[in-house]
1. Going by what's in this entry, would Glu117 be described as within 23 Å of Ile33 (Cβ to Cβ) and acidic (Asp, Glu)?
2. Would you mind stating whether Gly73 is under 18 Å from the mean Cα position of the chain (by Cα), assigned to a helix (DSSP H, G or I) and of a type in the set (Gly, Ala, Ser)?
3. Any chance the stretch 77-87 includes a residue that's buried (at least 17 other Cβ atoms within 10 Å of the Cβ) and either among the polar types (S, T, N, Q) or part of a helix (DSSP H, G or I) (or both)?
4. What are the pairs, 6+ residues apart or on separate chains, where a residue within the stretch 64-91 that is on the phi < 0 side of the Ramachandran plot has its Cβ under 8 Å from a residue that is among the basic types (Lys, Arg) and in a loop (DSSP other than H, G, I, E, B)?
5. Identify all residues within the stretch 34-47 that are among the basic types (Lys, Arg) and without any contact (Cβ under 8 Å) to a residue 12 or more places away in the chain; write none if there are none.
6. So is Met94 within 22 Å of Lys6 (Cβ to Cβ) and at pLDDT 95 or above or not?
7. Specify which of the listed residues (Tyr133, Tyr115, Tyr107, Tyr123) is in contact (Cβ under 8 Å) with a residue 12 or more places away in the chain and outside any helix (DSSP H, G or I).
8. Does Leu12 satisfy being surrounded by 15 or more Cβ atoms within 10 Å (Cβ to Cβ) and part of a helix (DSSP H, G or I)?
Amino acid sequence: MTNQPKMSSTELGSLWLTYNKKTLILRMVEYFIEKADDKEAKNLMSGLWEQLHPKVIEMKSMFENEGAACPEGFTKEDVNLEAPKLWGNGFDIMFSRVLKEISTGLYALHLTISYREDIVNFYKQLTEITETYYNLFTQYLLKKSLLPRPNYVNISQLVS
């Protein structure tokens, strides 16, 4: 037995939310992988899945070690991988990029309400994965001309 303090209500709640969110994302990514026409997009999604799946297992272990019930989350039974593809090329990466934007904000919040070192480190690791894939998705979309760059402005050389 360790001398680690019990999880606080905010830590338990943030992990509960994160577990449900990550299991949903894994199911969506599995579907995106199954339906991918573009090899590079498929590789990006596969890499993301490989990074996130161990984190779900880690969270499950955290709940068990705490003596807390683990949420059911989203399972393979919740997705029909045989369902037809309903989007054009690039949607999977664009949608996943938006999810990474949302995750960036949530992890910042979860870090501010977590105090146990293992939980803080867990969210730091998720933040690193999120930042990496946000950039990979952005660069993919720019390369495929699926993401417009913001407008440029003329920069004044004079202070007014």
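1. No, not satisfied.
2. No; evaluated as a whole, the condition is false for this residue.
3. Scanning the stretch 77-87, I find no residue that is buried (at least 17 other Cβ atoms within 10 Å of the Cβ) and either among the polar types (S, T, N, Q) or part of a helix (DSSP H, G or I) (or both), so the answer is no.
4. The qualifying pairs are Glu66/Lys6; Asn89/Lys144.
5. Lys39, Lys42
6. On the way: within 22 Å of Lys6 (Cβ to Cβ): no; at pLDDT 95 or above: yes.
When the stated conditions are applied, Met94 does not pass them.
7. After ruling out the rest, the residue left standing is Tyr115.
8. Working: surrounded by 15 or more Cβ atoms within 10 Å (Cβ to Cβ): yes; part of a helix (DSSP H, G or I): yes.
Yes; evaluated as a whole, the condition is true for this residue.
The values are calculated or read from the model by the stated rules, or taken from the named source; none is laboratory data. Just so it is clear, the structure is predicted and the values come from calculations on it, not from any experiment. In this analysis, Cβ positions are derived from the backbone assuming ideal geometry, glycine residues included, and neighbour counts consider all displayed protein chains.
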